[in-house]
């Protein structure tokens, strides 16, 4: 039976935090290949439960719901980032621990490496370099978001042997069998990609503080700033009862109580999908907590759905607003109105979820966006008692806003992906300077504190 090693590489950035991060795409690939008869193993460089980092973290670095700080190794900044007055580094297990993990394993027949943010590619390069030092003759296959959005850059700089762009399951099977000659005795025909038919290999994690759930792939919207339609061209929902069984099994077999939905469109077809799923969860009587780090579609949160969310155990709710400017939202993708956003807050509060605990995504730095628009949106959210989660825009290759940034704002289409890091404000200019970005961030933070204080005084 051919042996495959799956690698989730380090994050390299100025900052990183574990908001229920697990390499979900890589785990789906692992489930697919295990179903096809391959033996799989995993090294997750971002596993905060790895023995190498347990003694390096401080008390309080991890929260009861599974979130927490990653261990950071400060490194010299790449040349293109020298002008940024911040400390840059590698997040995850120490390099020595990764090399030891490689050394104690029997040589695999191939190594599969995933990737996420385009500007995290140095972590991919570092991991592949160590893999090649350990096993120079073992083929390395790179997939994931960076490989899909910047395939030429990945081929030229990562050190990998094969780059896979897009859905990886069927392609990686073809590469393993037809290019590398790694066949199994499995003869059944698998679908193009798995959508819940086989369990994810969570058994490869000795300890699980939380698990990620994906009830659907893709999104029916094509927002101007978002790459979901590139990474997942089709919107396909899993049967809700399969999603429930996955949650139930993880709770009963691994003791997992915290689950993070990583759907991009969790509430689409709500009466046939999320509502019956929550009905099953409530009827089961399981004591579970659910978190939604991705923005939820506010306009779909009616009173019934809000009550189901609260009863089922939703603890982290983030809503997508992006901008309170109606013209801006029509340009991006008109998936929520100001009135729909307010109604969602009202419905959640009536159901028992305090509005001051609702976080609202607001974007700053979009092409042609004014600082006044961002400030107005921050004030709109605070005026209605919710908190702001201010996201800095970063141009993503292949999106509409990327094209606008190239054509109207002089963005180099061949720019080093490191310079697309949202923390360095890629489209800053004279009218929207870095100082203004920082002022807006501070303004949002002060407003969040006022919302929290006003709620405390009212109580």
Practice problem: Tell me which of these residue 446 doesn't satisfy, since it passes every other one: (1) within 23 Å of the chain's Cα centre (by Cα); (2) modelled with pLDDT of 95 or more. | Solution: (1)
Quiz item: residue 286 passes all but one of (1) at pLDDT 95 or above; (2) within 27 Å of residue 363 (Cβ to Cβ); (3) touching a helix residue (DSSP H, G or I) at 6+ places or on another chain (Cβ under 7 Å); which number fails?
Solution: (2)
Practice problem: Give just the number: which of (1) crowded, with 18+ Cβ neighbours inside 10 Å; (2) outside any strand (DSSP E or B) does residue 320 not satisfy? | Solution: (2)
Quiz item: Only one residue in 108, 122, 139 is in the same structural domain as residue 26 (by TED's automatic domain parsing), modelled with pLDDT of 95 or more and within 21 Å of the chain's Cα centre (by Cα), so which one is that?
Solution: 122
Quiz item: Can you name every residue in region 31-51 that is surrounded by fewer than 18 Cβ atoms within 10 Å (Cβ to Cβ) and closer than 25 Å to residue 99 by Cβ?
Solution: 39, 41, 49, 51
Quiz item: What about residue 310, is it assigned by TED's automatic domain parsing to the domain that holds residue 389, touching a helix residue (DSSP H, G or I) at 6+ places or on another chain (Cβ under 9 Å), over 19 Å from residue 237 (Cα atoms) and assigned to a helix (DSSP H, G or I)?
Solution: yes
Self-check item: Enumeration of residues in region 79-104 that are surrounded by fewer than 14 Cβ atoms within 10 Å (Cβ to Cβ) and assigned to a loop (DSSP other than H, G, I, E, B)
Solution: 82, 83, 85, 86, 87, 104
Quiz item: Only one of these conditions is not met by residue 166: (1) touching a helix residue (DSSP H, G or I) at 6+ places or on another chain (Cβ under 6 Å); (2) buried (at least 18 other Cβ atoms within 10 Å of the Cβ). Which number is it?
Solution: (2)
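Rundown of residues vs (1) under 30 Å from residue 309 (Cα atoms); (2) out of contact with any strand residue (DSSP E or B) (no Cβ under 6 Å at 6 or more places or on another chain); (3) not assigned by TED's automatic domain parsing to the domain that holds residue 329, yes/no style:
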{"position": "159", "(1), (2), (3)": "no, yes, yes"}
{"position": "163", "(1), (2), (3)": "no, no, yes"}
{"position": "173", "(1), (2), (3)": "no, yes, yes"}
{"position": "214", "(1), (2), (3)": "yes, yes, no"}
{"position": "225", "(1), (2), (3)": "yes, yes, no"}
{"position": "250", "(1), (2), (3)": "yes, no, no"}
{"position": "262", "(1), (2), (3)": "yes, no, no"}
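The values are calculated or read from the model by the stated rules, or taken from the named source; none is laboratory data. Remember, it's a predicted structure, so these values are computed and weren't measured experimentally. A quick note on method: Cβ atoms are made from the backbone with ideal geometry, for glycine too, and the neighbour counts reach across all protein chains shown.
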